[in-house]
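Just so it is clear, none of the values below were taken in a lab; they were calculated from the coordinates. For clarity, every value in this text was computed on a predicted model and none was experimentally measured. Cβ: placed from backbone, ideal geometry, glycine included. Neighbour counts: every protein chain shown.
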Amino acid sequence: MNKIRLLLLVALTVNMLLVAWNSYGFHVVGIIHPSDDWVFKAMPQECKPEPINNFPWMLVGAWIAIEFLHRVLLGGRLAEAMVVVGVLAVLASVSGPMIGSITDQGKMSAERFQQANDLAMSVGGAKDVNTFRRNLDNGTLPRPSDVTFEGLYYDYTFDTGKADAPNAGIAGAAIGEKRLFFPTYSCAVSKHPLTGETERYLAVGLNSDLKESDFHRKKLNLVVVLDISGSMSSPFDRYYYDRFTGRRVKVAGANVAACGNGFAANSAGYKNAAEAANETDATSTKLEVACRSIVAVLDRLHPDDRFGMVLFDDSAYLAKSLRLLSATDLPAIRKHILELEPQGCTNMEDGMRMGIDLLKPYATANPEDWENRVIFLTDAMPNTEDTSEEGLLGLTRSSAKSHIYFSFVGIGIDFTTELIEAITKVRGANYCGVFSGAQFQQKLVEEFDFMVTPLLFDLALSVKADGYQIEKVYGTPEANQTTGELMRVNTLFPTRTIDGEAKGGLVLLKLRQTGDSPKLFLEASCEDRSGKVIANRSEVVFPTGDGEKFDNSGIRKGVLLTRYGQLLKDWLSTENMFRQASEVRQKSAAGLGIWERPSQALAVDAPWGSRIQAFLGYYRQERQAIGDSALMREESILEKLAQWPVYGG
């Protein structure tokens, strides 16, 4: 028996030393001699995973069993042995939940509750409407997909009614206990300013009891996939493919000739000093600013994170293998990244596939400890291999099933939002558009931890009511999956609160009244990263009558922005449909593909100009009633469109 015990002790010690080396050996080696593993231009390689850190639980179990038998055979110590084993079993069964309770679901004092900054939740998909705004600034016509409700909401904060919400109805939540997620509901009845129709809305507030000080992102397996194709050689505010159509585009107050190998542009034309400060250097290309931003992202990573990089033009290239940051020669990697230059066509498919392949060996990593993410930087104008929505969506969807998630960063005024919006309607995905170094700093540095850390999945809200049905959902990429009784959201990410209001923390349901009963029975459920189901049941009594009614400023702001966004999408759909035939002929003559996007001059026809002018008065009145000065941004856009030279009058 003693010999067996000795052998097991030796084996256990060796295994524990190996585990320690696998966990920390790279850190030691990296400190002594960090590696420059940049291999750009190398052929695609088979990805070999680093050793997975599995503690030798079988040996530990065998050791405990031997000790137990040893004590039994010695006699007289059976009760003591059973107590020891029982205590070990209890500790093993509760240690995980106890740790999770302390970090994620624990209790906090009322004083800390007041002092700490709350977190809330926001949906996946678009994180801004920057492409829309930038096109308007430059006098070019946006696409309908440049405006999304979730992107528009994320530019604002909302009172979700959290302060008045009780703890009752949340599964597993006692009074004073932190909840990872709980919804709140607000009602509104309001007459549409243009149609006169009385509309009814239900706002879903996406709340959490977590504090920003509680939040720590998981360890990260990160692969950056960077587009280095020819279209990345143009500045942020230029349509790359205008050089093939010969269009003259007015950009920031300057006439720009699109021709030959480049642009002649007036670098002035800023409206004010603040705008100029937010602009990228006029001499910088999309690729140059993207590379500087990736270098900045490296500073957000931790020594125990892994980082890899893929480049693509006509093909995909492994630039850097996926390795621990502590074992990487970061100064050398930064230098390599900053030396990149644009070349070739745009094969997004190969770039996506190689990024996924680098992460596949880690697909089984514990989601409670690790996040697997691809950050994909591109202007999204693929022109070779599979360029279809269906094919690229298949890649993001299949990778999500393996716990490999995508964040797309759209670069430049000609960023094709239509494609990215379509392929990010999957679990764990999000995207944003950037046009300056300052925006890169905000999205990829300041909001980095939130962007790469989905906390909840598969939110479903069912509405049981005799008097109401869901007519439409605003503020989620999955709006088209809605039925009369069910709303779905694939993913919820953490977001900040500002002065008690949640940034982007709202989904808005437009309801159709079908009967006289004012009661709505609402049941929400979702899963956390470990698969644990969080459920909530609530009852809402909807206000009766047709008079104007808003439960709080949050839903009032949501209704205002929704009507504003719908007006813009309807106008853009009409305008782009009117231009569609001429654009097809233009692209065909220039030999451009489906996603290669030339500019179209901004135009507002007379009927739409009148609608926008009429809506502007309502918007201004509501903005003043809500009292949020940030809403002036949209008011300025409406004023610009209302004053834009019209045609067809």
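Quick notes
- The shape of the range 361-509 comes out rounded: with a ≥ b ≥ c from the C-alpha gyration tensor, a/c is under 1.5.
- Working from label points 7 Å from Cα in the Cα-to-Cβ sense, the GLU639 to GLN481 distance is 4.1 nm.
- Quarter of Cα convex hull surface for the range 474-566, i.e. mean projection, nm²: 7.7
- For peptides 303-309, 442-448, sequence by mean Cβ density within 10 Å, most packed first: 303-309, 442-448
- For the peptides 215-223, 551-559, the ranking by mean Cβ contacts within 10 Å, running from highest to lowest, is 551-559, 215-223.
- Using a cut-off of 23 Å between Cα atoms, the listed pairs LYS464/LYS569; LYS191/LYS640; LYS472/LYS557; LYS464/LYS510; LYS443/LYS472 include LYS464/LYS569; LYS191/LYS640; LYS443/LYS472 as exceeding that distance.
- The spacing between the range 185-247 and the range 508-562, judged by their C-alpha centroids, is 22 Å.
- Sorting the segments 130-137, 564-571 by their mean number of nearby beta carbons within 10 angstrom, highest to lowest, gives 130-137, 564-571.
- Cross-link partners of LYS218 among aspartates and glutamates (Cα-Cα below 12 Å; sequence separation of 8 or more within a chain): ASP304, ASP305, GLU368, ASP369, GLU371, ASP449
- Relative contact order computed over the range 601-649 (Cα-Cα under 8 Å; 6+ residues apart), in percent: 66
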